[in-house]
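> There's a structure below that I have some questions on.
The values are calculated or read from the model by the stated rules, or taken from the named source; none is laboratory data. The shown structure was predicted, so the numbers you read here are calculated from the model rather than taken from an experiment. Methodologically, a virtual Cβ is constructed for each residue, glycine included, from the backbone with ideal geometry; neighbour enumeration extends over all protein chains shown. Side chains included, ligands, DNA and RNA excluded: accessible areas come from the protein's heavy atoms. Shrake-Rupley method; radii C 1.70, N 1.55, O 1.52, S 1.80 Å.
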Amino acid sequence: MPINLKTFLKLHKVSLILAFLSLVFYYTFAYYLQRTDFIKLLTLFVALFFFCFKLIQFEKLNFRFLLGIGIIFRLIFLCAEPNLSQDFYRFIWDGHLVSSGANPYLHTPDELMRNMVSMIPNANALYEGMGSLSARHYSNYPPLNQLLFALAALIGGKSMFGSLVVMRSIIILADIGVFYFGRKLLKNLNRSPHLIFWYFLNPLVIVELTGNLHFEGVMLFFFILSMFLLSIDKWKTAGVVMACSISIKLVPLLFLPLFFKYLGWKKSIIFYTIIGITSIVLFLPFNTPEFIDNYSKTLKLWFSNFEFNASIYNIAKKTAIHFNAKPWEFIKEYGKIIPLITIATVGLFTFLPKRYDLNRVIWSMMWVLTIYYFMSTTVHPWYGIFLVLLSVFTTYRYAIIWSAAIVLSYFAYSQADFKENLWLLTIEYIAVYGFIIYEIVAHNNKK
């Protein structure tokens, strides 16, 4: 055995053991976990978060080692079927529609099963797999996301497994892109580049993006690339890339006003115009008279119909029910308030700060998104991944705590009726709110 290899094994023995154990646990997660087995799921997550923490602690300056194991952890999932989410069935369904020249925003799967099902390979399996909730609603995935679904359907052909591998490969490449440009952005903002590993090795990121095929990772790739381009003053190109991020998931729309003071009003107008034109170009292939109405109906559902892992909403609902309010009426009224509070929050973070460099923009994004999630009726575990990435560029770490605590919300997956355990959600949010208060106090004391 070469001396260099012997020395490496001796110096990094503990880290190699941790990496091997992580590999075994991820393999178990990918191929030997049923989502109804909450205790096993929780045990795996807790162990993986501990291994992640120790690996970064021991090897934070060993760039190649941590990058390598992060890629290997993702490749473990390459051939696995997602076990915590059934959204991928709808992804493949929409992909076949788009690749066949059909518009996924015009017909629900329920309608297509009665009329045009012949254009979709494995239609019955996809329809049953996506569930009745997805099947009765129009697609809510923006246009660039639809094109990626179509690419997966074209390459995968009639094989669902082939489409899964293509989508997973796209997401893994996107995560590597987030790592690459995130590291560069950290350097440009005078922060330690090793911080990006809190995103790249985070078990929630690996499981929910690579494992469960959520395209937040692709959105974050375009988002972080846009922020990097802004850091080197290529703000026009950044506008095009930001539009691509929005066209994967709409979340970055929340942050657009925050660039106003950073860029100044002249550049801002051009920046917003570039984003608007690029977005319109991406939406044009799908635009029909019915499109806007159908898409708007689907988006409204997130504010007025769905509820999962909520914090402030659950407290408000319990209080309202105590005073004889009807739950289905309360959520609709509550859903009307969320956009107003969100607009007010974005306005405050846009105009109140006096100093507005790129560090301040990212800091504001983190708090805007945090407040939005605290107010929301629905906070799926993978939603927290955006917060994890934003927190890497600040001195706050509550998002990382939340990425671990949000695992408790998976309890609902173990129930046939997806009934939540409010005691577990209480523990989750006590941990998050408690750590936020601790960090705010600690930062104020430093100042």
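> Can you name every one of the helices (runs of 4 or more DSSP H) wholly within region 36-151 that holds 3 or more residues which are open to solvent by 30 Å² or more (accessible area, probe 1.4 Å) and more than 29 Å from Val407 (Cβ to Cβ)?
Per the criteria, 109-115, 123-135.
> Quick one: is Glu329 among the acidic types (Asp, Glu), without any contact (Cβ under 8 Å) to a residue 40 or more places away in the chain, open to solvent by 60 Å² or more (accessible area, probe 1.4 Å) and over 28 Å from Ser268 (Cβ atoms)? Before you say what the answer is, go through the steps one by one.
Numbers: among the acidic types (Asp, Glu): yes; without any contact (Cβ under 8 Å) to a residue 40 or more places away in the chain: yes; open to solvent by 60 Å² or more (accessible area, probe 1.4 Å): yes; over 28 Å from Ser268 (Cβ atoms): yes.
The answer is yes for Glu329.
> Restricted to region 217-265, and to residues that are free of Cβ contacts under 8 Å to residues at least 60 places away in the same chain and not in a helix (DSSP H, G or I), which residue is farthest from Asp357 (Cα to Cα)?
Lys234
> So Ala316 clears everything in (1) at pLDDT 90 or above; (2) exposed (fewer than 15 other Cβ atoms within 10 Å of the Cβ) except one condition, right? Which one?
(2)
> Related question: Looking at region 128-147 only, could you name the residues that are without any contact (Cβ under 8 Å) to a residue 60 or more places away in the chain and aliphatic (A, V, I, L, M)?
Residues satisfying the conditions are Met130, Leu133, Ala135, Leu147.
> Among (1) closer than 21 Å to Val205 by Cβ; (2) small (Gly, Ala, Ser); (3) out of contact with any Gly (no Cβ under 9 Å at 6 or more places or on another chain), where does Ser414 come up short?
Only one criterion in (1) closer than 21 Å to Val205 by Cβ; (2) small (Gly, Ala, Ser); (3) out of contact with any Gly (no Cβ under 9 Å at 6 or more places or on another chain) is unmet by Ser414, namely (1).
> Right, another one. Inside region 418-431, can you point out the residues that are closer than 15 Å to Ala399 by Cα, open to solvent by less than 100 Å² (accessible area, probe 1.4 Å) and without any contact (Cβ under 8 Å) to a residue 40 or more places away in the chain?
Listed by number, the list holds a single entry, Ala431.
> While we're looking at this one, here's another question. Of the conditions (1) of a type outside the set (Ser, Thr, Tyr); (2) free of Cβ contacts under 8 Å to residues at least 60 places away in the same chain; (3) open to solvent by 10 Å² or more (accessible area, probe 1.4 Å); (4) not in a loop (DSSP other than H, G, I, E, B), Arg355 clears all except one; give me its number.
Single failed check for Arg355: (4).
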